[in-house]
1. Fully extended, how many nm does the chain gain between residue 283 and residue 34 (0.36 nm per residue separation, minus their Cα-Cα distance)?
2. Would you mind calculating the gained length between residue 58 and residue 299 on full extension (0.36 nm times residue separation, minus the Cα-Cα distance), in nm to one decimal?
3. Of 193, 63, which has the most accessible area and how do the rest follow, probe 1.4 Å?
4. What FRET efficiency, computed as 1/(1 + (r/R0)^6) with R0 = 25 Å and r the Cβ-Cβ distance, is obtained for residue 42 and residue 82, rounded to the nearest 0.05?
5. Suppose every Lys and Arg Cβ carries +1 and every Asp and Glu Cβ carries -1, with no other charges. What dipole size does segment 35-127 come out with about its Cα centre, to the nearest 20 debye?
6. Using θ = phi - 60° and the Karplus relation 6.51 cos²θ - 1.76 cosθ + 1.60, list the HN-Hα couplings for segment 177-191 in order, rounded to whole Hz, with x at every Gly or Pro.
7. Note down the net charge around residue 100, summing +1 for each Lys or Arg and -1 for each Asp or Glu among other residues with Cβ under 10 Å from its Cβ.
8. Taking the inverse of the average 1/r across all pairs of different Cα atoms in segment 9-137, what Kirkwood radius in Å do you get?
Amino acid sequence: MDNQDDGIPGEPVALSVVIPMFNEEEALPALVSRLRPVLDGLRDVPYEVVAVDDGSADRTGVLLDAFRLGWAELRIITLRRNSGHQAALTAGLDRARGAYVVSIDADLQDPPEKIPEMLDLARGSGLDIVYGIRADRATDTGFKRWTASLYYRLVRRLAGPSVPAQAGDFRLLSRAAVDALKALPDQQRVYRLLVPWLGFPSGEVTYEREARTAGHSKYPLGRMIRLAVDSVTGFSAAPLRIATWLGGFAFLVCLGLIGYTLWAHAYEETVPGWTSLFIGVLFIGAVQLVCVGLLGEYVGRIYTAVQNRPTYFVAGDTHADSPADAGLRTKS
């Protein structure tokens, strides 16, 4: 794995807060006004805020530069293009210097006021991971709550019960957990499944999910479906086994249709059989397309791995000792 992010020089910090951002100019002022007092209030905890600008097309970068003038702990990593939420999160985790690293989104649906509680729990109980658990999602639409519930039931069934229900990307990781994640070769990362898979000691902090402070969701239905597909194909071969069972079931249906066809031919009732034949052809064709599609998802992942293209490129990092483009990852 070509990981040139390791060993970025600089004074160590106790806490890094990683925030992936894409077109968040409307949410940034509220985020800074809530996050900074929380972090400044931590006693004897030197920190950095790692804001990852994921190729924003609005004034996100301009506002970050303005806030940094009066906030020395704010560090800005700018990606050359929009690489996606998980890739931006990877860039932040790769370059974070903290003994503990908290990841949080910029929309303030996950409250930054919970960060001290997460840090205290990790330190007091010797935990490497502290998950932020959404105890109340009343601010989400009914459709969003239903799809989220369906997603977590699916991944817990495929990836195991170690995946916390209602845990997103708001979590705290120890340096040991971050280093373990950086060592993994996965390209299409889904951290809400990768982190539990590590098996590190973990705890939970619950909170009520708030309404988005400004702007609009960066996870529309299409990206939610893509996340679900990546989660399933990245952590389980169950869909391939489902394809096998569908093929076996289709074979049994074909045997039944063959028997019916022979019976109809023997009694010269071949014309009425067109209905069953038509249904059988449609069914077998549908099963074949499903199986080919499932195989295509896995072959696509293999193709991506063989290409070995970087998941992101860093255009700039305001940390004095972090050159641009030193943060490219070929395995993330």
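1. Details: separation 249, 0.36 × 249 = 89.64 nm, distance 5.60 nm.
Length difference between fully extended and current span is 84.0 nm.
2. Extending this stretch completely gives an extra 83.1 nm.
3. Most to least solvent-accessible, the answer reads 63, 193.
4. Approximately 0.20, to the nearest 0.05.
5. Working: 11 positive and 15 negative charges, 64 e Å.
Its charge dipole is roughly 300 debye.
6. Those phi angles translate into 5, 4, 5, 5, 5, 5, 7, 6, x, 4, 9, 8, 8, 10, 5 Hz.
7. Around residue 100, the charge tally is +1.
8. On the way: mean 1/r = 0.0666 Å⁻¹.
Across segment 9-137, the inverse of the average 1/r is 15.0 Å.
The values are calculated or read from the model by the stated rules, or taken from the named source; none is laboratory data. Quick caveat, the model's predicted, so the values are computed rather than measured. No Cβ is skipped: glycine too gets one built from the backbone with ideal geometry, and neighbour counts run over all protein chains shown. Side chains included, ligands, DNA and RNA excluded: accessible areas come from the protein's heavy atoms. Shrake-Rupley method; radii C 1.70, N 1.55, O 1.52, S 1.80 Å.
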